[in-house]
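Have a look at the structure below, then the notes.
The values are calculated or read from the model by the stated rules, or taken from the named source; none is laboratory data. In this text the structure is predicted, and so the values were computed from the model without any measurement. Positions of Cβ are generated from backbone atoms using ideal geometry, with glycine treated the same way; all protein chains shown enter the neighbour counts. Accessible surface areas use protein heavy atoms only, side chains included; no ligands, DNA or RNA. Shrake-Rupley method; radii C 1.70, N 1.55, O 1.52, S 1.80 Å.
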Amino acid sequence: MESLSVIQPSESTKDAINWIGNNDLKALAYIALAHREESTAHALAKEINEVVDPNAYASVSGYPISYVKGGFATYEWGEGGTPGNNYRAKYFRAIRVSEALRPIGALIGWSEDYDTALTIALSTTSSKGNGNAPINTVQILDGLHKGIAPTNMRLSGYSPRTGYKYSSAHNTRLETLKDIGWVEERSQERPIRIIDPRYKGTHQFRSLQPGTQSFFKTVALASDLEPDKRWRRSELEELALRSRLVDQDTVAPFRAALSKAISAKCTSFPGVFEKQELQNRQFVVKEKFQEMTRDLVERVVMVDSSPKFAKVSFDYAMSCYQPEKMPAVAYRMAKRTLNNSAHRKSIAPLQSSAEQPTMS
């Protein structure tokens, strides 16, 4: 197993997936931009709002500048973003279109086949920093299928973690894959006894980080509920979630505090638990999702390894925003993002296929 390595797509394929391909509507808007000679963000968003989905404007208007950051668009300043207005506006033009749309077409085809939103599958996190999260998700899935331990995947943007932390270089990505139900953790963690859940630090409790506060509140609750029970980490996390002591923003630091308190290699939070050696966490792709995740990895590989597949994927992507070809695909792409957006306010219910727009 140690001789195996995870896939390493070409830099252009990585960039396209990281900056565009992890979001269905963002990918659709880029295809629309590729069909136009040039466009302002306003005009692009207005068009998609009118011909694809009436809730798309706010999202699409922010995408073009991200294309520029990823190296897949340029812009020039021009006069008058809308008729009758004389203010200066950015006019965007798609570049490196073939490099972008080959992997994007492959991802759209996969999303359509499995009716799965790219923004959920790859990452709800758009490109930040080096923008590695989406492609790392594909690489992690590849590694898990090959039986490679997360700490041996050696992916860019990460370094192995030691000491009190879990023996995993990719905690955030793995937790996301667990949260969407694709991956499960198999560990040999030993139940542990709570000794004293009280906070005994020198700083005021309310000055602690929210995740640390949640940790102490959870341990205190567990001790009150079942004083003699030996708890597993997973059970304490479930208790925290069920009791709403943690949320999406605090669950990661909660886990870190929990690990510090348990690990024999860490001196933090002494006396809360019986200290123990943390066991390496093992992750596997659930059987139900093995076929679709293998297929996702294989399509990303084929973008670089099969010119025929790359050409078909490019043509497919371009056809997704052509009124006479596949208007329903464009509609579904928009809905997959809008229905899964963490920032959506009020989105109209998904229409039946008979009610879908014709892009005429």
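For the cross-link pairs 26/311; 178/308; 69/288; 46/69; 200/229; 90/335, the ones whose C-alpha atoms lie over 29 Å apart are 178/308; 69/288. Taking 186, 336 and ordering them by how much accessible surface each has at a 1.4 Å probe, largest first, produces 186, 336. Calculated from the alpha-carbon coordinates, the range 173-216 shows an Rg and a Dmax of 15.7, 42 Å respectively. The alpha carbon centroids of the range 255-327 and the range 170-243 are separated by 24 Å. Packing order of peptides 284-295, 91-102, highest average first: 91-102, 284-295 (average count of other Cβ atoms within 10 Å over each peptide's residues).
Solvent-accessible surface (1.4 Å probe) assigned to residue 50 amounts to roughly 120 Å².
Full extension of the chain segment joining residue 200 with residue 244 gains 13.5 nm, where the gain is 0.36 nm per residue of separation less the Cα-Cα distance. Note on residue 87: accessible area approximately 110 square angstrom, rounded to 10, probe 1.4 Å, nucleic acids and ligands left out. Ordered from largest to smallest accessible area (heavy atoms of protein chains, 1.4 Å probe), the residues 19, 231 come out as 19, 231.
For residue 14, a cut-off of 19 angstrom between C-alpha atoms picks up these aspartates and glutamates, skipping any fewer than 8 places away in its own chain: 24, 99, 142, 295, 298, 304. Summing charges over all other residues whose Cβ lies under 12 Å from the Cβ of residue 310, with Lys and Arg as +1 and Asp and Glu as -1, gives +1. Annotation: residue 46 carries an accessible surface of approximately 90 Å², with a 1.4 Å probe and no ligand, DNA or RNA atoms counted. Shown are 203, 42, 145, whose ranking by accessible area with a 1.4 Å probe and every protein chain present, most to least, is 203, 42, 145.
Here the dipole of the range 192-254 is about 180 debye; that uses its Cα centre as origin and unit charges on the Cβ of Lys and Arg (positive) and Asp and Glu (negative). In this simple spin-label approximation, residue 179 and residue 232 carry label points 7 Å from Cα along the Cα→Cβ vector, and these lie 2.2 nm apart.
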